[in-house]
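Quick notes on the structure that follows.
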Amino acid sequence: MPRILVVDDERAIRKTLREILEYEKYSVDEAQNGQEAIEKVQSNDYDVVLCDIKMPGIDGIEVLEKVQEQGETPVIMISGHGTIDTAVEAIKKGAFDYISKPLDLNRLLVSVRNALDRSKLLNETRNLRKRVLKNNQIIGESEAIKNVLAMIERVAPTNARVLITGENGTGKELVARALHENSPRAHGPFVEVNCAAIPSELIESQLFGHEKGSFTSAIKQRKGDFELANGGTLFLDEVGDMSLSAQAKVLRSLQENKITRVGGEKEIPVDVRIIAATNKDLKAEITKGNFREDLYHRLSVIIIHVPSLEERTEDIPLLTKHFMEIISAEMGKPSLEFTPDALEALKKRKWTGNVRELRNMVERLAILCERVISAEDVVKYSN
């Protein structure tokens, strides 16, 4: 049941609002002044606060500011002394809505419902973000992973371009996301481009966008990933597979901080941090003529190497537990335990697919085993 706090120094108004809101099946608390409201907000969780502006002592604007310090609870301001200036000030300070007295009860209920919808959406977003962050954690206590985490901590707050190297499945994307989440650009977009998955004839359109009619299937104008990542981070995964023509345009964009859509002439300024990743030896690709040396030097201001799982086998028990907790929660079943000999068996395996392969193995065991996972189970269900 949604919980609402009604703040007003007039007892009759509090009583009226309580009766109306309780009739609508809301749980209602009351506060007769600003100080009492602040104390209740600090000790309780409310979905919406209805607050009078003009009150003796602490007024409604101060209550609004205190509520915002506590979190993101929407506040609907009400006042019998309302002016346009008062309404503007309340909205500027973050009020969800402003309603003047005498109250239009239908409008009030609509505003409350809209505020509750916003609270629900914020909670869902917050929970989803927590799940995403948990899934994207870099797990490990080995020296190799500690070095990676130390580099992320030092490099993330800067705008330096980073090249992430490592085998397939080691977690290069997790490093890229950690760099973004711990940077001043964290509230901006994180746009990922898998350069190996996009045909060479389409990569330029993907990165830079195109104008209507620039090629046969270009039936409308399209923004590219550089524009979509403006103010945030553009992650070029498997950058070693990018065509030479696209490499030339990326190099120019990095030099000038401008892009031109395919089929267009207008230069569009962009503010993007570039993080690239590859499982290839780019220096060898340069020698073969497959990768531009000048682009390599532009991308590799900082190089972070992500170790293979064989270089950090001591992290396997931690990773196994982490994956089992996530997978069990997704499946809605209790987390299974691994015996010590099962963990040893996992540590002795050859993980050609690295951490990604280990996660797949844990998921397979979670589905096919019951209660406790033994070394025999590991051998039995290995590919």
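Per-structure values
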item: Selected residue (criterion: nearest to A144 (Cα to Cα)) from residues of region 276-297 that are surrounded by 19 or more Cβ atoms within 10 Å (Cβ to Cβ) and not hydrophobic (A, V, I, L, M, F, W, C); result: T278
item: Condition broken by H187, with the remaining ones in (1) out of contact with any helix residue (DSSP H, G or I) (no Cβ under 6 Å at 6 or more places or on another chain); (2) at pLDDT 90 or above; (3) farther than 30 Å from V48 by Cα satisfied; result: (3)
item: Some residue of region 164-175 being at positive phi, under 18 Å from the mean Cα position of the chain (by Cα) and in contact (Cβ under 8 Å) with a residue 12 or more places away in the chain; result: yes
item: Options T339, T313, T320: the member that is touching a Phe, Trp or Tyr at 6+ places or on another chain (Cβ under 7 Å) and either under 21 Å from E376 (Cβ atoms) or of a type in the set (K, R) (or both); result: T320
item: Condition check for A178: surrounded by fewer than 18 Cβ atoms within 10 Å (Cβ to Cβ), touching a helix residue (DSSP H, G or I) at 6+ places or on another chain (Cβ under 9 Å), touching a residue at least 24 places away in the same chain (Cβ under 8 Å) and assigned to a helix (DSSP H, G or I); result: no
item: Test set (1) over 11 Å from V7 (Cα atoms); (2) surrounded by 16 or more Cβ atoms within 10 Å (Cβ to Cβ); (3) modelled with pLDDT under 90; (4) of a type outside the set (F, W, Y) - Q70 fails condition number; result: (2)
item: Checking S200 against (1) closer than 24 Å to H297 by Cβ; (2) outside any loop (DSSP other than H, G, I, E, B), the condition it does not meet; result: (2)
item: Residue within region 228-238 that is more than 29 Å from L179 (Cα to Cα) and either surrounded by fewer than 16 Cβ atoms within 10 Å (Cβ to Cβ) or modelled with pLDDT of 95 or more (or both) present; result: no
item: Residue check, A31 touching a residue at least 24 places away in the same chain (Cβ under 8 Å) and either closer than 21 Å to R118 by Cα or of a type in the set (A, V, I, L, M) (or both); result: yes
item: Test for E62: is it without any contact (Cβ under 8 Å) to a residue 24 or more places away in the chain and either in contact with a Phe, Trp or Tyr (Cβ under 7 Å, 6 or more places away or on another chain) or over 15 Å from A115 (Cα atoms) (or both); result: no
item: Search result, residues across region 253-275 that are surrounded by 13 or more Cβ atoms within 10 Å (Cβ to Cβ) and either of a type in the set (K, R) or in contact (Cβ under 8 Å) with a residue 60 or more places away in the chain (or both); result: L254, K258, R261, R273, I274, I275
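The values are calculated or read from the model by the stated rules, or taken from the named source; none is laboratory data. What you see is a predicted model; the values in this text were computed from it and never measured. Ideal geometry is used to build each Cβ from the backbone, glycine not excepted, and the neighbour counts take in all protein chains shown.
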